[in-house]
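One structure below.
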């Protein structure tokens, strides 16, 4: 497959960027011509950030699965679409060709239809990293249902909240999932989440771990039985093709829940056409993908990275996407390098957290592994620190593989700022240049352009976007007012990312992290309010405050200050009880790394907790805590400092 829109020189990048800003409709309209449309658009773009509303490819008709699968069948039916590496290296691997992917997706679309799923229905997918997860996602898209994938580490309560928010009627899950040495009882967690639920009609269960589960008559059905029956139905019709539902360009494709600064998770809604175009364009350009390359994104499909760069981006480009069920350190810390060697991986896209974790094992796990197939390395989820960047460059890339340091968010759909592998300049710790179509602005808290107070040619400010790109999310599910207040109210007429950044004289950007009450733990966003709510559900807790602190592996750790109602003499037991509570309410991903018991919290006279002070204490700052005279009880700060963990 040939990509006429692939940028192959710095000059081309500059020309493309210029055109994308001066004539976005002409620029994106020309790129859109490379996809399959049932009906072409009347207008490429219509937007108003004041409302806020963005529409791309107005009145166009398409189905994203025809672009990810069907259009490749004539020339690439036997090409691997997905290579699956199981958790246990001794287990049989699977290679799914584009022809096989087409068959399985059509079968599952028929399964959904048989079970009453219609266009626009919400389907929650709670599965391990097996190929069937990709079939389920694409099967939903083929029939026009809106998929909402939930990461397998979330608790029953977190799932119940998401089911209620999206008014979900259908669930696809597994009996269990493997993750390193752990077996995760997915179906049991779903059963717990469904206690008291009145909307879910059907639960489709795929057999993976053969763990004993309960199957409720009339509600729960087996994946395998349903797929067999669907295949028989399609064969009777004389074709194994399930006709793809025609979708409007702006029809929702999926909802993906992300943590916000309030305790309630928000459902980010992405549309069909713009998201398809953006994931494809960024995939082909940032990674400089060449037909035949093996692309290994190590993320879970439960996160946006897996949606965009395991499923939709690579498949829409006719690529080979490697999907891994396990974790980088099991059965040993050489697992990634074994996979690179085994499948001759050309591009490796992973998180700085994983790199830092693997660094701690030294170089022995790399010895004897052939990494010579690697051409491009990438990082995602958080800024990569320079030490990890150099380790990755020297020991994995052997100083011959460009590293793309990609910055983006669940809300952006795909990469917004990054170097292009081997084409545009890279710099350790810097995301560098914006993608064509992306117009970043750095503003101070007063809304004026950030300038450089120290005369070093580096501006620092809050990162905003002046115009939409095709992958921008369209709303928060069922609550457009929240969409407006969270992203467009702080700086009217602009999209506010919630991140701070630096910009140098060359126009390179460096992301400095969140400026709101959202933590970035191992590349996953977790709202402080969400964690505080979970801690406060513990019977002995009066109040809590959560902040982030620098963590050698995770990037940011979770530090909790907790006031207990009584002391029963066993702080360690209380900490374990609180951690268990957080695990039950949200999931183990949100467990605090440090819990400090305190008698009070620094509050203003109006009752607001001064998290700025708590954050500085957690970071080890002892002197520059700012003005504490406005606090209701300034003495509480000294006490907290003395008890710092």
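The values are calculated or read from the model by the stated rules, or taken from the named source; none is laboratory data. Everything numeric in this text was worked out from a predicted model, so none of it was measured. Glycine gets a Cβ as well: all are built from the backbone with ideal geometry, and neighbour counts include every protein chain shown.
Scanning the stretch 277-320 for residues that are in contact with a strand residue (DSSP E or B) (Cβ under 8 Å, 6 or more places away or on another chain), part of a helix (DSSP H, G or I) and closer than 21 Å to residue 132 by Cα returns 304, 305, 306, 307, 309, 310, 311, 314, 315. Does any residue of the stretch 226-236 turn out to be more than 30 Å from residue 273 (Cβ to Cβ), exposed (fewer than 14 other Cβ atoms within 10 Å of the Cβ), in contact with a strand residue (DSSP E or B) (Cβ under 7 Å, 6 or more places away or on another chain) and free of Cβ contacts under 8 Å to residues at least 60 places away in the same chain? No, the conditions are met nowhere in the stretch 226-236. Determine whether residue 221 is surrounded by fewer than 21 Cβ atoms within 10 Å (Cβ to Cβ) and assigned to a strand (DSSP E or B). Yes; evaluated as a whole, the condition is true for this residue. The residue that is farthest from residue 498 (Cα to Cα), among those in the stretch 461-471 that are in contact with a helix residue (DSSP H, G or I) (Cβ under 9 Å, 6 or more places away or on another chain) and surrounded by fewer than 24 Cβ atoms within 10 Å (Cβ to Cβ), is 467. The conditions of being in contact with a helix residue (DSSP H, G or I) (Cβ under 8 Å, 6 or more places away or on another chain), outside any loop (DSSP other than H, G, I, E, B) and under 27 Å from residue 465 (Cα atoms) are not met by residue 513.
Among the residues of the stretch 111-123, write down those that are surrounded by fewer than 24 Cβ atoms within 10 Å (Cβ to Cβ) and either assigned to a helix (DSSP H, G or I) or under 18 Å from the mean Cα position of the chain (by Cα) (or both). 113, 114 - these are the residues of the stretch 111-123 that are surrounded by fewer than 24 Cβ atoms within 10 Å (Cβ to Cβ) and either assigned to a helix (DSSP H, G or I) or under 18 Å from the mean Cα position of the chain (by Cα) (or both).
Could you tell me whether any residue of the stretch 326-343 is closer than 28 Å to residue 142 by Cβ and either free of Cβ contacts under 8 Å to residues at least 12 places away in the same chain or not in a helix (DSSP H, G or I) (or both)?
no
Whether a residue is over 17 Å from residue 135 (Cα atoms) and touching a helix residue (DSSP H, G or I) at 6+ places or on another chain (Cβ under 6 Å) was assessed, and residue 271 does not pass this test.
When the stretch 381-401 is filtered for residues that are out of contact with any strand residue (DSSP E or B) (no Cβ under 6 Å at 6 or more places or on another chain) and in a loop (DSSP other than H, G, I, E, B), the ones remaining, listed by number, are 381, 385, 398, 399, 400.
Of all residues in the stretch 411-423, those being part of a loop (DSSP other than H, G, I, E, B) and either under 20 Å from the mean Cα position of the chain (by Cα) or surrounded by 21 or more Cβ atoms within 10 Å (Cβ to Cβ) (or both) number 8.
Residue check: is residue 85 more than 30 Å from residue 491 (Cα to Cα), surrounded by 15 or more Cβ atoms within 10 Å (Cβ to Cβ) and at pLDDT 95 or above?
Numbers: more than 30 Å from residue 491 (Cα to Cα): yes; surrounded by 15 or more Cβ atoms within 10 Å (Cβ to Cβ): yes; at pLDDT 95 or above: yes.
The answer is yes for residue 85.
For the stretch 467-479, the criterion of being at pLDDT 90 or above, more than 27 Å from residue 14 (Cα to Cα) and not in a loop (DSSP other than H, G, I, E, B) is satisfied by at least one residue. Could you list all residues from the stretch 298-311 that are under 17 Å from residue 80 (Cβ atoms) and either surrounded by fewer than 24 Cβ atoms within 10 Å (Cβ to Cβ) or over 12 Å from the mean Cα position of the chain (by Cα) (or both)? Scanning the stretch 298-311 gives a single hit, 311.
On the stretch given as the stretch 383-410, residues that are surrounded by 23 or more Cβ atoms within 10 Å (Cβ to Cβ) and modelled with pLDDT of 95 or more total 6.
Here the strands (runs of 3 or more DSSP E) wholly within the stretch 125-204 that include at least 3 residues being over 19 Å from the mean Cα position of the chain (by Cα) are 170-174, 182-184.
Please work out if residue 144 is surrounded by fewer than 22 Cβ atoms within 10 Å (Cβ to Cβ), within 28 Å of residue 269 (Cα to Cα), modelled with pLDDT of 95 or more and in the same structural domain as residue 172 (by TED's automatic domain parsing). It is false that residue 144 is surrounded by fewer than 22 Cβ atoms within 10 Å (Cβ to Cβ), within 28 Å of residue 269 (Cα to Cα), modelled with pLDDT of 95 or more and in the same structural domain as residue 172 (by TED's automatic domain parsing). Of the residues in the stretch 516-545, how many are part of a strand (DSSP E or B) and within 16 Å of residue 588 (Cα to Cα)? Total meeting the criteria: 7. Does residue 44 count as outside the structural domain of residue 194 (by TED's automatic domain parsing), under 30 Å from residue 468 (Cβ atoms), free of Cβ contacts under 8 Å to residues at least 60 places away in the same chain and not in a helix (DSSP H, G or I)? In short, yes.
This table checks each residue for (1) more than 30 Å from residue 161 (Cβ to Cβ); (2) surrounded by fewer than 19 Cβ atoms within 10 Å (Cβ to Cβ).
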| position | (1), (2) |
| --- | --- |
| 435 | yes, no |
| 457 | yes, yes |
| 484 | no, yes |
| 501 | yes, no |
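Checked across the stretch 124-134, the condition of being assigned by TED's automatic domain parsing to the domain that holds residue 232, at positive phi and either buried (at least 23 other Cβ atoms within 10 Å of the Cβ) or in contact (Cβ under 8 Å) with a residue 60 or more places away in the chain (or both) holds for no residue. When the stretch 158-182 is filtered for residues that are more than 23 Å from residue 115 (Cα to Cα) and touching a strand residue (DSSP E or B) at 6+ places or on another chain (Cβ under 9 Å), the ones remaining, listed by number, are 158, 161, 177, 178.
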